[in-house]
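Trainee: For reference, the structure I am asking about is given below.
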Amino acid sequence: MKNILTSFTLFLVCVLNAQQVIVEEKFEKDIVPIGYHFSPLSNKIFIEKGKHSVGMSRNKQVNSIVCYDSKGSKTNLLENVNVMNVRFSPSGSLLRTDEYEKMSFSGDHKFYKNGKKIAELPKSNTFSLILDDFLFNNGNKIVGEDLNFTITELPSFKKISKKYELPSLDRIVNANNVDYARDVVTSTRASNDYFDIISKSISKDYKSTTLYRTRYNYDGKKISDIGYKIDIKNDFLIYSNNSGGNTETKGFGDTAKRIFSDDLSINNFKVDPSTNEVYVYGLYGKRAERSNDNSNTPLGYYVFKFNEDGTKIWEVINAIDDKGDFTDNQNMTYLYVDLFLMGESVVFSAGAKESLDDYIQYVKLNSNGKVDSSSKITFKSESNAYNITSYGDKKFLHANLTNKEDLKNKNLDYKTMVVYNTNQKVKDYIKTVNNKNKTSFCTAVNKGNTWLIESDNETYYKVTYFEN
């Protein structure tokens, strides 16, 4: 009997250690939660409190911001302020806010470092990446022989422009590669110590593509230049809405058509924060189509895992048999593709989410690239699900997906629907929630943990932390 009790006690300790309530609060009369931000770098969550938009305004008024770490420790970052449009640096230590204006898209900028105001700047339309100690600007078109970037020091706002070496264009633009939709377009991923220029070459037959990460320090010196090559023997690499590139709408009214505005959406990648291993993922399909010919018939997915130096570790190329949904001919800008790391698992998903009755195909791979589980999720969406910046919006959480089987009176956002079907601990918890009001759930996923944010958008909100 003693051994049984000891085993049960150890089980409870493991469960409690794997799951922790970070915060649970009731809504106050005048100041309610109106938004949240998660920092994967610091593994902290930030809750914005204030007042929802009113009348014809879409601007939410932020009066305070609180921060919680994974142990539930609370830090009051901002108090008694009147701001909007809060933007966070990678760790969340630097904030840029706009002074609240009811009927304006922006206001005078204020910068806060670890909760203390360090600088003010009149409103402007200049976009900068906000890093922990400075602002960073970099163009995304390769033109001429030199490239420039600008660092804006804080709190002085002193601008320093520097040149950096042009990545090789011959490997991207040549007779063996496609004619790109525009000039060679790149994307930028910046951290506090360096920035990466992301470029991609695509073979003319759409059988191979190489993703290049060219890294520079903030003196403009090239640190590394690494390629991650994807090859398929059958069918063709195709574009999808995977956040690797951009989309745009051409035309107006009945003639409007959404297309890929560059070729970066051929795939995307994620980096394991603990090992720096790289996962490149995307779709393959029936036809070799250029990015501005946005329709295709997807047939399956691929995930390639590399060491940081570009050495391939494993590859997964699998078909998805789903006539009527995934494998229909479709506008590929409306097919959303994602990948995230969850513990030792790699979770890939592809699905549609812009109509009232849609689906998600997901695959859960183990650390060796073997399929642990895969399935199709079908769900219903609320009619106003994607109009989340409407006039007079009063929601803290915007979650709109549900089904009749086991989510009665509960709404999940897109990523949470995938997590619900791949993380048993999160699923078990959501099943225990039994509120009178409809409850919404959103998630933020780090490799080692998952943060679940829940609220009925009227009376309470709660954040629960799970070890993956």
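Trainee: Looking at segment 106-125, I want the residues that are free of Cβ contacts under 8 Å to residues at least 40 places away in the same chain and surrounded by fewer than 15 Cβ atoms within 10 Å (Cβ to Cβ) and have a partner that is among the acidic types (Asp, Glu) and in a loop (DSSP other than H, G, I, E, B) with Cβ atoms under 7 Å, at least 6 apart or on another chain. Which pairs are those?
Mentor: Glu120/Asp108; Pro122/Asp108; Lys123/Asp108
Trainee: Moving to a separate point now. Could we say that Ile172 is farther than 23 Å from Leu41 by Cβ, buried (at least 19 other Cβ atoms within 10 Å of the Cβ), touching a residue at least 24 places away in the same chain (Cβ under 8 Å) and touching a Gly at 6+ places or on another chain (Cβ under 8 Å) here? Steps first, please.
Mentor: Values: farther than 23 Å from Leu41 by Cβ: yes; buried (at least 19 other Cβ atoms within 10 Å of the Cβ): yes; touching a residue at least 24 places away in the same chain (Cβ under 8 Å): yes; touching a Gly at 6+ places or on another chain (Cβ under 8 Å): no.
No.
Trainee: Also, quick follow-up: For segment 232-268, which positions are surrounded by fewer than 20 Cβ atoms within 10 Å (Cβ to Cβ) and either touching a Phe, Trp or Tyr at 6+ places or on another chain (Cβ under 9 Å) or on the phi > 0 side of the Ramachandran plot (or both)?
Mentor: Selection gives Ile232, Asn234, Phe236, Ser243, Asn246, Thr247, Glu248, Gly251, Gly253, Arg258.
Trainee: Within segment 387-401, is there a residue that is closer than 24 Å to Ser240 by Cα, open to solvent by 20 Å² or more (accessible area, probe 1.4 Å), modelled with pLDDT of 95 or more and β-branched (Val, Ile, Thr)?
Mentor: Among the residues of segment 387-401, not one is closer than 24 Å to Ser240 by Cα, open to solvent by 20 Å² or more (accessible area, probe 1.4 Å), modelled with pLDDT of 95 or more and β-branched (Val, Ile, Thr), which makes the answer no.
Trainee: Sticking with this structure for a sec: Read through the list (1) crowded, with 16+ Cβ neighbours inside 10 Å; (2) under 22 Å from Ser201 (Cβ atoms); (3) of a type outside the set (Gly, Ala, Ser), then give the number of the only condition that Glu308 fails.
Mentor: The single condition Glu308 does not satisfy is (1).
Trainee: Considering only residues that are surrounded by fewer than 17 Cβ atoms within 10 Å (Cβ to Cβ) and within 23 Å of the chain's Cα centre (by Cα), which ones fall in segment 59-77?
Mentor: Asp69
Trainee: If you don't mind, another one. Taking Ser345 and the conditions (1) free of Cβ contacts under 8 Å to residues at least 60 places away in the same chain; (2) within 14 Å of Tyr279 (Cβ to Cβ), which numbered condition does it fall short on, given that it satisfies the others?
Mentor: The number of the failed condition is (1).
Trainee: Report every pair of residues separated by at least 6 positions or lying on different chains whose Cβ atoms are under 6 Å apart, first residue within segment 190-201 and closer than 17 Å to Lys229 by Cβ, second in a loop (DSSP other than H, G, I, E, B) and open to solvent by 30 Å² or more (accessible area, probe 1.4 Å).
Mentor: Final answer for the pair search is Ser201/Arg171.
Trainee: Does Ser53 satisfy the criteria of being open to solvent by less than 70 Å² (accessible area, probe 1.4 Å) and closer than 17 Å to Phe466 by Cα? Let's see the steps before the verdict.
Mentor: Values: open to solvent by less than 70 Å² (accessible area, probe 1.4 Å): yes; closer than 17 Å to Phe466 by Cα: no.
So Ser53 does not fit the description; no.
Trainee: Right, Tyr228: surrounded by 18 or more Cβ atoms within 10 Å (Cβ to Cβ), farther than 28 Å from Phe195 by Cβ and modelled with pLDDT of 95 or more or not? Before you say what the answer is, go through the steps one by one.
Mentor: Details: surrounded by 18 or more Cβ atoms within 10 Å (Cβ to Cβ): yes; farther than 28 Å from Phe195 by Cβ: no; modelled with pLDDT of 95 or more: yes.
For Tyr228, the condition - surrounded by 18 or more Cβ atoms within 10 Å (Cβ to Cβ), farther than 28 Å from Phe195 by Cβ and modelled with pLDDT of 95 or more - is not met.
Trainee: Any idea which residue in segment 28-50 is nearest to Ser191 (Cα to Cα), counting only those that are among the small types (Gly, Ala, Ser) and either open to solvent by less than 10 Å² (accessible area, probe 1.4 Å) or in contact (Cβ under 8 Å) with a residue 60 or more places away in the chain (or both)? Can you show your working first?
Mentor: Going through segment 28-50, the residues among the small types (Gly, Ala, Ser) turn out to be 35, 39, 42, 50.
If we keep only those that are either open to solvent by less than 10 Å² (accessible area, probe 1.4 Å) or in contact (Cβ under 8 Å) with a residue 60 or more places away in the chain (or both) as well, we get 35, 39, 50.
Details: Gly35: 24, Ser39: 13, Gly50: 30 Å.
In this case the residue turns out to be Ser39.
Trainee: When only residues in segment 291-305 that are surrounded by 16 or more Cβ atoms within 10 Å (Cβ to Cβ) and assigned to a loop (DSSP other than H, G, I, E, B) count, which is modelled with the lowest pLDDT? Lay out the reasoning, then the answer.
Mentor: As a first pass, look at segment 291-305 and keep what is surrounded by 16 or more Cβ atoms within 10 Å (Cβ to Cβ): 291-292, 294, 296-305.
Right, trim to assigned to a loop (DSSP other than H, G, I, E, B) and you get 291-292, 294, 297.
Details: Ser291: 86, Asn292: 80, Asn294: 84, Thr297: 96.
In this case the residue turns out to be Asn292.
Trainee: Turning to a different aspect of this structure: Filter segment 448-468 for residues that are polar (S, T, N, Q), assigned to a strand (DSSP E or B) and under 14 Å from Gly343 (Cα atoms) and give the result.
Mentor: Here is the first cut: in segment 448-468, the residues polar (S, T, N, Q) are 449-450, 455, 457, 459, 464, 468.
From what's left, assigned to a strand (DSSP E or B): 449-450, 455, 464.
Within segment 448-468, Asn449, Thr450 meet the criteria.
Trainee: Can you give me the ranges of the strands (runs of 3 or more DSSP E) entirely in segment 105-192 with at least 1 residues that are under 30 Å from Gln61 (Cα atoms) and modelled with pLDDT under 90?
Mentor: Numbers: elements: 109-113, 116-121, 134-138, 146-153, 159-165, 187-190.
Result: 116-121.
Trainee: Please go through segment 306-334 and pick out each residue that is of a type in the set (D, E, K, R) and farther than 22 Å from Ile360 by Cβ.
Mentor: First, pick out the residues of segment 306-334 that are of a type in the set (D, E, K, R): 308-309, 312, 315, 321-323, 325, 328.
Listed by number, the residues that qualify are Glu308, Asp309, Lys312, Glu315.
Trainee: Consider only pairs whose beta carbons are under 6 Å apart and that are at least six residues apart or on different chains; among these, list those whose first residue lies in segment 426-445 and is basic (Lys, Arg) and whose second residue is open to solvent by less than 50 Å² (accessible area, probe 1.4 Å).
Mentor: The qualifying pairs are Lys427/Tyr420.
Trainee: Any idea how many residues of segment 203-240 are among the acidic types (Asp, Glu), over 30 Å from Pro298 (Cα atoms) and out of contact with any strand residue (DSSP E or B) (no Cβ under 6 Å at 6 or more places or on another chain)? I'd like the intermediate steps shown before the answer.
Mentor: Taking segment 203-240 first, the residues among the acidic types (Asp, Glu) are 205, 219, 225, 231, 235.
If we keep only those that are over 30 Å from Pro298 (Cα atoms) too, we end up with 219, 225.
So of that shortlist, the ones also out of contact with any strand residue (DSSP E or B) (no Cβ under 6 Å at 6 or more places or on another chain) come out as 219.
Qualifying residue count, segment 203-240: 1.
Trainee: Using the structure shown, decide if Gly220 is small (Gly, Ala, Ser) and either in contact with a helix residue (DSSP H, G or I) (Cβ under 7 Å, 6 or more places away or on another chain) or outside any strand (DSSP E or B) (or both). Write out each step before concluding.
Mentor: Working: small (Gly, Ala, Ser): yes; either in contact with a helix residue (DSSP H, G or I) (Cβ under 7 Å, 6 or more places away or on another chain) or outside any strand (DSSP E or B) (or both): yes.
For Gly220, the condition - small (Gly, Ala, Ser) and either in contact with a helix residue (DSSP H, G or I) (Cβ under 7 Å, 6 or more places away or on another chain) or outside any strand (DSSP E or B) (or both) - is met.
Trainee: Right, another one. Note down all Cβ pairs under 8 Å where the first residue falls in segment 315-335 and is over 15 Å from Asp235 (Cα atoms) and open to solvent by 50 Å² or more (accessible area, probe 1.4 Å), the second is hydrophobic (A, V, I, L, M, F, W, C) and at pLDDT 95 or above, and they're at least six residues apart or on different chains.
Mentor: What qualifies is Glu315/Val303; Glu315/Phe304.
The values are calculated or read from the model by the stated rules, or taken from the named source; none is laboratory data. If you're wondering where the values come from, they're calculated on a predicted model, not measured in any experiment. Cβ atoms come from the backbone with ideal geometry, glycine included; neighbour counts cover every protein chain shown. The accessibility values were calculated without ligands, DNA or RNA, using every heavy atom of the protein model including side chains. Shrake-Rupley method; radii C 1.70, N 1.55, O 1.52, S 1.80 Å.
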